Amino acid sequence: MKKFFALALIVCALLMTGCGDDEIKKVGTIKYLNITETEVDNASPRNTAAHSNHKHVFFDNMNSMVAALQAGQIHEMSVYETVGNYLSSMNPNMKFEFSEPVATDNFSLALLEENQELKKEFNDAILKLTADGTLSKLVKTYISESNTVKTPEAVELPTFYGEPTIKIGVTGDLPLMDYIREDGLPAGFNTAVLAELSRRMEKNFVLVQIESGARAAALTSKLVDAVFWAVSPKLNGVLPTDFDTPEGVVLTKPYFSDEIVHVYLKDK
């Protein structure tokens, strides 16, 4: 009996030693608009039937998520490669790795379903920017070859006197893609894209800063006419195609895509 008990203790110790891989890992992510944290957990390709150890925690903005990582309240952050490059450049104690399996999202503008005419105008302008190479040039200037440790210059939006004004919600939570400078001026890739869309559509854009978690509310309350950004899977993935698109909201054609990476502290 004693031998059996001793053997049981050894087996138990070995099992406990192997349990390190099953430690609950909290993954911070900017709040999606049409899916819960639990649904993201269940859909995560890193969670299998044997190891369901990644638990997602939604945040309304990037600042609070970074603070949670630095304080040890989460183990890592799920962000886009553009954001991961910026964060690791600005914070020497951070590094990132690509998601396995690789996951890529498309970026679009979100509008209320009732604004079909405005959606068509955006789509036509996005197609023109793609066809004439403008989008590729903006990606090269503001993302591929951007200086991540230098504050980007503010982007001036054109003015068309007597033309309609469209209110665009921006978050500043995806640097250097969606970026608000310390002086409150919008900058970066998204703002540069908006400036070109404004020129093609010959409409005035007024940028309204909103929190990522409040994107849907900003639309439905008509605080803004469109939100710059909303995402959908680029390829057939495990998440539903409308995971960031609430009922009554529609997306334009995508203007950019980026891969998901996981940012963590080097000493953890």
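Please give every one of the aspartates and glutamates within straight-line cross-link reach of LYS128, meaning a C-alpha to C-alpha distance under 12 Å, and leave out same-chain neighbours fewer than 8 residues apart. LYS128 reaches GLU196. The DSSP beta bridges internal to the stretch 105-257 are antiparallel in roughly 65% of cases.
Rounded to the nearest 5, what % of the DSSP beta bridges within the chain are antiparallel ones? Walk me through the numbers on the way to the answer.
Numbers: 25 of 42 bridges.
That works out to approximately 60 percent antiparallel.
Centre-to-centre separation between the Cα atoms of the stretch 245-268 and those of the stretch 74-102: 13 Å. All other residues whose Cβ lies under 10 angstrom from that of ALA154 are scored, Lys and Arg at +1 and Asp and Glu at -1, for a net of -2. Each Lys and Arg contributes +1 and each Asp and Glu -1, all at the Cβ; summed about the Cα centre of the stretch 105-257, the dipole is approximately 320 debye.
Of the trypsin sites (Lys or Arg not before Pro) found in the stretch 149-183, those that fall in a DSSP loop while having at most 13 other beta-carbon atoms within 10 Å are LYS150. Sorted from greatest to least, the principal axis extents spanned by the alpha carbons of the chain come out as 92, 39, 32 Å.
Within a straight-line Cα-Cα reach of under 25 Å, LYS31 can be paired with the following lysines, leaving aside sequence neighbours fewer than 8 residues apart in one chain: LYS55, LYS95, LYS119, LYS167, LYS222, LYS234, LYS253, LYS266, LYS268. Sites listed here are chymotrypsin sites (Phe, Trp or Tyr not before Pro) in the stretch 206-268 whose DSSP assignment is loop and whose Cβ has at most 15 other Cβ atoms within 10 Å, and the list is empty.
A short reminder: the numbers here are calculations on the coordinates, not readings from a lab. All of these numbers come straight from a predicted model, not from anything done at the bench. No Cβ is skipped: glycine too gets one built from the backbone with ideal geometry, and neighbour counts run over all protein chains shown.
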